[in-house]
1. Is one or more of the residues making up region 24-32 in contact (Cβ under 8 Å) with a residue 40 or more places away in the chain, within 21 Å of H165 (Cα to Cα) and not in a helix (DSSP H, G or I)?
2. How many residues are over 13 Å from the mean Cα position of the chain (by Cα) and β-branched (V, I, T) if we restrict to region 75-117?
3. Answer yes or no: is there a residue in region 115-134 that is part of a helix (DSSP H, G or I) and in contact with a Phe, Trp or Tyr (Cβ under 6 Å, 6 or more places away or on another chain).
4. Looking at region 139-166 only, could you name the residues that are exposed (fewer than 15 other Cβ atoms within 10 Å of the Cβ) and aliphatic (A, V, I, L, M)?
5. Can you tell me how many residues within region 25-56 are more than 29 Å from R8 (Cβ to Cβ) and exposed (fewer than 15 other Cβ atoms within 10 Å of the Cβ)?
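Computed from the coordinates by the stated procedures, all read-outs in this text should not be read as laboratory data. It should be emphasised that the depicted structure is a prediction, and the values quoted were computed from it without experimental measurement. With ideal geometry, Cβ positions are generated from the backbone for all residues, glycine too; neighbour counts draw on all protein chains shown.
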Amino acid sequence: MPEPERRREGFSVLMSCYGGDDPDFLERAVRSVTDEQTLAPSEMVLVVDGPLPALLQGRVEQVVARSSVPVRLVRLPVNSGLGPALNAGLAACAHEIVARMDADDVSMPHRFAVQVPLVSDRFDLLGSAITEFVDDPEVSRATRPVRTTESAIASGMRLRQSFNHPTVVFRASTVERVGGYQPLPSLEDYWLFARIVSSGARVGNVAEPLVAYRVGAGAYARRGGASLARSEWELQRRLRSIGFTTRSQFTRNVLVRVGYRIVPETVRRTAYRGLFTRSSRVGPGDPPGT
């Protein structure tokens, strides 16, 4: 199937929401990538992934009506999950450059002014560091740093994700060329970005945190369990099948990453803090991001 023709000028923001999202969080997220940006997007594509409760549906309608940026709604009749929802939204994006955003995070006002010119100039995929917050995006609980050079990103991805998904800005044609988001519960983004890196695309990260990532109760629990362990195993199998990892890296990853999904929650909490974040006042009960 030929790739759709998209505009080279301007850029789209791609977001998905579903029935479990908080209306206030959604409204704040949308405002942060539209009205508050110093470089405003040309459009926002908001995918409604299945039926919404009345309160959330009403808020979506308000957001569309009040936004200073045109909002294109893509409605899916049933909840399909994040990957299929983003594929549907991407197909509706009118611009080659697309910025991702989640429905409960907050983008910094200068985020697009930093990232979009860099993608326009030379990158196919560009993310950034994030800060984590609980209630107030101005109060950071931890920072998740990122590798910034292409070689460090590629090397690091052999063990763990090098991109924070809600921060990425990419070329739509690059994502479509490698097959888009593919089914892999909770790890669709890792699999997508690994294929992009493997394809030889130009990738990078901005060291500055450009998105505040909302964390809440139960985040450590959601990072483990039998279902996620199965997804992790499948991810490692796929990475090995395309030659992205060596046999020894595959063995290491199965032991480390699948093991991480099945150890007790207290062990996951300790491991996460040591590996993925720099703490800024993190207490014993504070949860991680993704």
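1. no
2. Number of matching residues: 4.
3. Just the residues of region 115-134 that are part of a helix (DSSP H, G or I), to begin with: 115-121.
When the remaining residues are screened for being in contact with a Phe, Trp or Tyr (Cβ under 6 Å, 6 or more places away or on another chain), the result is 116.
Among the residues of region 115-134, at least one is part of a helix (DSSP H, G or I) and in contact with a Phe, Trp or Tyr (Cβ under 6 Å, 6 or more places away or on another chain), which makes the answer yes.
4. Of everything in region 139-166, those that are exposed (fewer than 15 other Cβ atoms within 10 Å of the Cβ) and aliphatic (A, V, I, L, M) turn out to be V139, A152, L159.
5. Total satisfying the criteria: 4.
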